[in-house]
Amino acid sequence: ELRTPLTLISSPVTEVLENEPLSPSAREHLTLVHQNTERMLRLMNQILDFRKIQNQKMKLLIEETDLIPLLQKVMSSFKSIAEEKNINYQLTSTIQSVYSWVDRDKFEKIFFNLLSNAFKFTPENGKITVRLSSLTKEDTRWIRFTVANTGSMISAEHIRSIFDRFYKIDMHHAGSGIGLALVKAFVELHKGTISVESDEKQGTVFTCLLYTSPSPRDT
């Protein structure tokens, strides 16, 4: 009942923004409408995902995926924000491609929420770096990626609770307190782990390890 009217708002607004001549003021206002409608849709989807997880009805739809193009696709969603805030925003990888068996939708949501959190707390002229690598641990294959951002240090007190549902680090920043809790749940569904470190020198770094079944491309 909530998602349908939001979709009915978002679709025509997108159509107008893409195909109609608009004054700068009208485009600015409609862009704001579009951004907030999309934010509400993401929040609704997160709440629905939480209900499924709580009721143990969330399932992974695993498919072989090259993670680098998938990461680049999600990163492109934040390109304009990076340009507006003059943030040094980049992806570094020790490998040119890495095929893994993951749930594409859940992986995108993991990565989107980590980036959203990084941009929320990175000041102008700051830096956000995504690093991707693969490793073998105890004869199993893992994918490791980190999202690192400069900005305010997260205290040990906040780090202990950062993945709790509805926990907010800073009441001055918009957010529901759902995103990072959902990230942890999705990572654990992939039999992975996620951790966070923060200090004044390196900033804040989220590190995610995802177990992945061996790909036929590796044999």
message: Just to check your reading of the model, which residue among LEU135, LEU115 is open to solvent by less than 30 Å² (accessible area, probe 1.4 Å), under 30 Å from LEU61 (Cα atoms) and either among the aliphatic types (A, V, I, L, M) or modelled with pLDDT under 85 (or both)?
response: LEU115
message: Need a quick list: helices (runs of 4 or more DSSP H) entirely within the range 64-149 having at least 2 residues that are closer than 22 Å to SER195 by Cβ, more than 15 Å from the chain's Cα centre (by Cα) and among the hydroxyl-bearing types (Ser, Thr, Tyr).
response: none
- request: Give the range 199-209 a look and list any residue that's modelled with pLDDT under 90 and open to solvent by less than 20 Å² (accessible area, probe 1.4 Å), or say none.
  value: GLY203
- request: Return a yes/no flag: does the range 48-63 have any residue that is modelled with pLDDT of 85 or more and surrounded by fewer than 15 Cβ atoms within 10 Å (Cβ to Cβ).
  value: yes
- line: Across (1) more than 17 Å from LEU180 (Cα to Cα); (2) modelled with pLDDT of 90 or more; (3) open to solvent by less than 50 Å² (accessible area, probe 1.4 Å), GLU124 clears everything bar (3)
query: When the range 36-72 is examined, which residues are found to be closer than 25 Å to THR129 by Cβ and in contact with a strand residue (DSSP E or B) (Cβ under 7 Å, 6 or more places away or on another chain)?
result: THR65, ASP66, LEU67, ILE68, LEU71, GLN72
query: Taking only pairs six or more apart or across chains, which ones have beta-carbon atoms under 8 Å, a first residue in the range 187-202 that is farther than 17 Å from ARG160 by Cα, and a second residue that is open to solvent by 80 Å² or more (accessible area, probe 1.4 Å)?
result: GLU200/MET153
Pairs where the first residue, in the range 47-65, is under 15 Å from LEU182 (Cβ atoms) and the second is part of a loop (DSSP other than H, G, I, E, B), C-beta under 6 Å, 6+ apart: LYS52/MET58
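Can you name the residue in the range 169-186 that is part of a helix (DSSP H, G or I) and open to solvent by less than 50 Å² (accessible area, probe 1.4 Å) and, of all such residues, is modelled with the lowest pLDDT?
The qualifying residue modelled with the lowest pLDDT is GLY179.
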message: Please count how many residues of the range 78-112 are over 17 Å from THR65 (Cβ atoms), open to solvent by 40 Å² or more (accessible area, probe 1.4 Å) and either without any contact (Cβ under 8 Å) to a residue 24 or more places away in the chain or not hydroxyl-bearing (Ser, Thr, Tyr) (or both).
response: 9
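The values are calculated or read from the model by the stated rules, or taken from the named source; none is laboratory data. Since we're looking at a predicted model, the values are computed, not measured. Using ideal geometry, Cβ is built from the backbone for each residue, glycine included, and neighbour counts are taken over all protein chains shown. Each accessible area value is taken on the protein alone, full model and side chains, heavy atoms only, with ligands, DNA and RNA left out. Shrake-Rupley method; radii C 1.70, N 1.55, O 1.52, S 1.80 Å.
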